[in-house]
Amino acid sequence: MVTGSEISKGLIKDEFDRYVARKVSDYGCELVEKIIVPDKPQSIANAVIDLKTRGCELILTTGGLSVDPDDVTKKGIKKSGAKIMAYGSPILPGAMFLYALLDNTTILGLPACVFYHPTTIYDLILPRILAGDQITKQTIAEMGHGGLCLDCETCRFPDCAFGK
């Protein structure tokens, strides 16, 4: 789910497929649907509920997780009935990450860094979610050890200390 009035109005190019969906398909998962919604909590909540109802086991959201007044993705996810398990992380890039559960459906709120940095918290969390690991606030806190990507000239991830 892509949130943001700028994208829903066509003012900013949507890059979800290029940066987010590609990593999902790299793990052999099927992207059920991409929904673009404006910065309205009820629209976000409705989209979350719709995706869950359609059987999605993992819902990815992008946009609206910063501290600007119109960043309402967290509010919309909460309005859907989901429980926010963690908001914010000790990982750079990825500090504005959100992790929530709606019954047995995992919701990941991905920070903007996934669009401009090749390795982020998304690369640390996604494989663990797909492997069935139970993610807790403590799990995310522990990722702070080694949680700073050093932006190496030649990225060797996952063969590095990032997130370990």
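The values are calculated or read from the model by the stated rules, or taken from the named source; none is laboratory data. Quick caveat, the model's predicted, so the values are computed rather than measured. FYI the Cβ positions are ideal-geometry reconstructions off the backbone, even for glycines, and counts take in every protein chain you see.
Note on the range 1-30: residues that are loosely packed, with under 15 Cβ neighbours inside 10 Å and of a type in the set (S, T, N, Q) total 1. Can you tell me which residue in the range 44-74 is modelled with the lowest pLDDT, limited to those that are farther than 19 Å from S8 by Cα and not in a helix (DSSP H, G or I)? Checking each candidate, the answer is V67. Of the residues G64, G55, the single one that is in contact with a Gly (Cβ under 8 Å, 6 or more places away or on another chain) and not acidic (D, E) is G64.
Mind telling me which of the residues S43, S66 ends up being surrounded by 16 or more Cβ atoms within 10 Å (Cβ to Cβ) and either in contact with a helix residue (DSSP H, G or I) (Cβ under 8 Å, 6 or more places away or on another chain) or over 17 Å from I125 (Cβ atoms) (or both)?
Details: S66 fails: surrounded by 16 or more Cβ atoms within 10 Å (Cβ to Cβ).
Step by step, each of S43, S66 is checked, and only S43 is surrounded by 16 or more Cβ atoms within 10 Å (Cβ to Cβ) and either in contact with a helix residue (DSSP H, G or I) (Cβ under 8 Å, 6 or more places away or on another chain) or over 17 Å from I125 (Cβ atoms) (or both).
Only a single criterion out of (1) part of a loop (DSSP other than H, G, I, E, B); (2) in contact with a Phe, Trp or Tyr (Cβ under 7 Å, 6 or more places away or on another chain) is not satisfied by L11, namely (2).
Out of all the residues in the range 107-118, is one or more closer than 28 Å to D50 by Cβ, over 16 Å from the mean Cα position of the chain (by Cα) and touching a residue at least 12 places away in the same chain (Cβ under 8 Å)? The answer is no, given that none of the residues of the range 107-118 is closer than 28 Å to D50 by Cβ, over 16 Å from the mean Cα position of the chain (by Cα) and touching a residue at least 12 places away in the same chain (Cβ under 8 Å).
Taking the range 132-164 as the range and being out of contact with any Pro (no Cβ under 8 Å at 6 or more places or on another chain), assigned to a loop (DSSP other than H, G, I, E, B), in contact (Cβ under 8 Å) with a residue 40 or more places away in the chain and closer than 16 Å to P118 by Cβ as the test, the residues that pass are F162, G163.
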